[in-house]
Amino acid sequence: TQPSGLTANITGVLITITASGPSKVYGTALSVGTSAINFSVTSGTLVGSQGVTGVTLTPDATGISTTTAAGAGYVVTPSLATGSNGFSASNYIITYSPFNGTVGLRPITITASGPSKVYGTALSAGTSTTNFSLTSGTMVGTESVTGVTLTPNAAGLSATTAFNAAYTVTPSLATGINSFSASNYDITYVPFNGTVTRTSLTVTATGPSKAFGVALTTGTSATNFSVTGTLASGEALTSVTLTPDAAGASAATAAAQPYVVTPSAATGTGSFLASNYNITYTPFNGVVGQIAITITATGPTVKTYGTALSAGTSTTNFSVTGTLNTGEAVTGLTLTPNAAGVSATTAAGAAYVTTPSLATGSGGFLAANYTITYIPYNGTVTTRALTITATGPTKIYGTA
């Protein structure tokens, strides 16, 4: 019971409400508004079951701006507390304590997407405007990442890293445009994991040539091929296996017929391995050539004055030089005398010529399979033998 004549004032309860946020990253803007979070009663005791359920949070200019750099400070001030279970701010003497925050880094992920690497090439570390992308997070405004430093590991830096071997390229040091600064971002750099691919080469067979009667065989060759494309430094392709088709492998394939020789199984020097290359093998398309032989007319040797030679087939009066296909033989040809040889009145001592042509033969011989040089016979008309017998005069005794 209050004594008569005394007056008392009821004072408010002292409490402190402290803002605990909100947090802010570069590129975001805080706004003024009522919040049921980001604060707490840090001193004093509320009455009964009363509770503070909301405050107004007011950021300063740096908190409101989207361009405040990461690392800069900002302030959020609480006010105008509201509550539950009969809470009234007028019943409390409230001290509002602001939140002092620091603008955080904006998270983004930059992922390297290359470069690719083929056997025999060496990657190098350096700034690149390609072979990367922003794979998570968003940039602020019109800012953009336009370049990164790409750093290959040892396997990527070596030209001799084998086909199908793994290599890694790690991005770092992002740069950009429109006020981009890497210091405003929490950048996760994701490396590119690549696999060495094969270098492309073309091996073209350039032979061997083949004549009728010759059989090609499959085998390793250091000739009859050419290489296009770039070999790794110090390497050389020195041999291939050359495989003829059936026409090339047969000695009986006729002249002017096609045959094919296919290269494969390249080998080389200087650490060359065919497995490091994507090799295109191009076959040789050949045509069977003719065998060169010479047929020389050797007669007829006897032409006397008053006799006439005639053109016709002969199985004699010729010889053959050069190598015929196995089992074949020239057995006949046409011998054609010139005008002096054909005339019976060509004088003794005069020259005549007999020209061979149109060889025929046995054992599958065909003149079309041969390049034949025909050499004529050069003869001389001989004198005709005569016997003159005296038949007189008679003589009697006494006559001289």
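The values are calculated or read from the model by the stated rules, or taken from the named source; none is laboratory data. Quick caveat, the model's predicted, so the values are computed rather than measured. For neighbour counting, all protein chains shown are included, and Cβ atoms are generated from backbone atoms with ideal geometry for every residue, glycine included. When the accessible area is computed, the model is the full protein with side chains, heavy atoms only, and any ligands, DNA or RNA have been set aside. Shrake-Rupley method; radii C 1.70, N 1.55, O 1.52, S 1.80 Å.
Restricting attention to region 99-114, the residues being over 19 Å from ALA155 (Cβ atoms) and assigned to a strand (DSSP E or B) number 11. Scanning region 318-337 for residues that are of a type outside the set (Val, Ile, Thr) and either surrounded by 15 or more Cβ atoms within 10 Å (Cβ to Cβ) or part of a strand (DSSP E or B) (or both) returns PHE318, SER319, LEU324, ASN325, GLU328, ALA329, GLY332, LEU333, LEU335, PRO337. Filter the strands (runs of 3 or more DSSP E) completely within region 115-222 down to those with at least 2 residues that are within 30 Å of THR280 (Cβ to Cβ). Of the strands (runs of 3 or more DSSP E) lying wholly inside region 115-222, those with at least 2 residues that are within 30 Å of THR280 (Cβ to Cβ) span 166-177, 192-195, 199-205, 219-221. Taking region 369-387 as the range and being touching a residue at least 40 places away in the same chain (Cβ under 8 Å), open to solvent by 60 Å² or more (accessible area, probe 1.4 Å) and part of a strand (DSSP E or B) as the test, the residues that pass are THR371, THR373, TYR374, ILE375. When we screen LEU46, LEU30, LEU57, LEU123 for residues that are free of Cβ contacts under 8 Å to residues at least 60 places away in the same chain, under 30 Å from TYR277 (Cβ atoms) and open to solvent by less than 50 Å² (accessible area, probe 1.4 Å), the only hit is LEU123.
Per-residue answers, yes or no, for (1) open to solvent by less than 60 Å² (accessible area, probe 1.4 Å); (2) in a strand (DSSP E or B); (3) under 29 Å from GLY364 (Cβ atoms):
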residue: VAL227; (1), (2), (3): yes, yes, no
residue: LEU231; (1), (2), (3): yes, no, no
residue: THR238; (1), (2), (3): yes, yes, no
residue: LEU242; (1), (2), (3): yes, yes, yes
residue: ALA252; (1), (2), (3): no, no, yes
residue: ALA255; (1), (2), (3): yes, no, yes
residue: PRO263; (1), (2), (3): yes, yes, no
residue: ASN278; (1), (2), (3): no, yes, no
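When SER319, SER310 are screened for being hydroxyl-bearing (Ser, Thr, Tyr) and either modelled with pLDDT under 95 or over 16 Å from THR360 (Cα atoms) (or both), only SER310 passes. Residues in region 61-87 that are part of a strand (DSSP E or B) and among the polar types (S, T, N, Q) were compared, and the one that is surrounded by the fewest Cβ atoms within 10 Å (Cβ to Cβ) is SER84.
Confirm whether VAL190 is open to solvent by less than 30 Å² (accessible area, probe 1.4 Å) and more than 18 Å from the chain's Cα centre (by Cα). It would help to see each step written out before you state the result.
Values: open to solvent by less than 30 Å² (accessible area, probe 1.4 Å): no; more than 18 Å from the chain's Cα centre (by Cα): yes.
No, not satisfied.
Would a scan of region 103-110 turn up a residue that is open to solvent by 30 Å² or more (accessible area, probe 1.4 Å) and farther than 30 Å from PRO191 by Cα? No, there is no match, as no residue in region 103-110 is open to solvent by 30 Å² or more (accessible area, probe 1.4 Å) and farther than 30 Å from PRO191 by Cα. The residue that is nearest to the chain's Cα centre (by Cα), among those in region 290-317 that are in a loop (DSSP other than H, G, I, E, B) and polar (S, T, N, Q), is GLN290.
If you go through region 263-276 one residue at a time, how many are touching a Phe, Trp or Tyr at 6+ places or on another chain (Cβ under 7 Å) and within 20 Å of THR223 (Cα to Cα)? Selection size over region 263-276: 2.
The number of residues in region 268-296 being touching a residue at least 40 places away in the same chain (Cβ under 8 Å) and within 24 Å of VAL203 (Cα to Cα) comes to 15. Taking ALA232, is it without any contact (Cβ under 8 Å) to a residue 12 or more places away in the chain and of a type in the set (A, V, I, L, M, F, W, C)? Against the criterion (without any contact (Cβ under 8 Å) to a residue 12 or more places away in the chain and of a type in the set (A, V, I, L, M, F, W, C)), ALA232 does not qualify. Checking each residue in region 193-223 for being charged (D, E, K, R) and within 22 Å of the chain's Cα centre (by Cα) picks out only ARG198. Per the conditions (1) touching a helix residue (DSSP H, G or I) at 6+ places or on another chain (Cβ under 9 Å); (2) under 10 Å from VAL288 (Cβ atoms); (3) open to solvent by less than 50 Å² (accessible area, probe 1.4 Å), the sole criterion not satisfied by ALA247 is (1). Filtering ALA166, ALA154 for residues that are open to solvent by 60 Å² or more (accessible area, probe 1.4 Å) and in contact with a helix residue (DSSP H, G or I) (Cβ under 7 Å, 6 or more places away or on another chain) leaves a single hit, ALA166.
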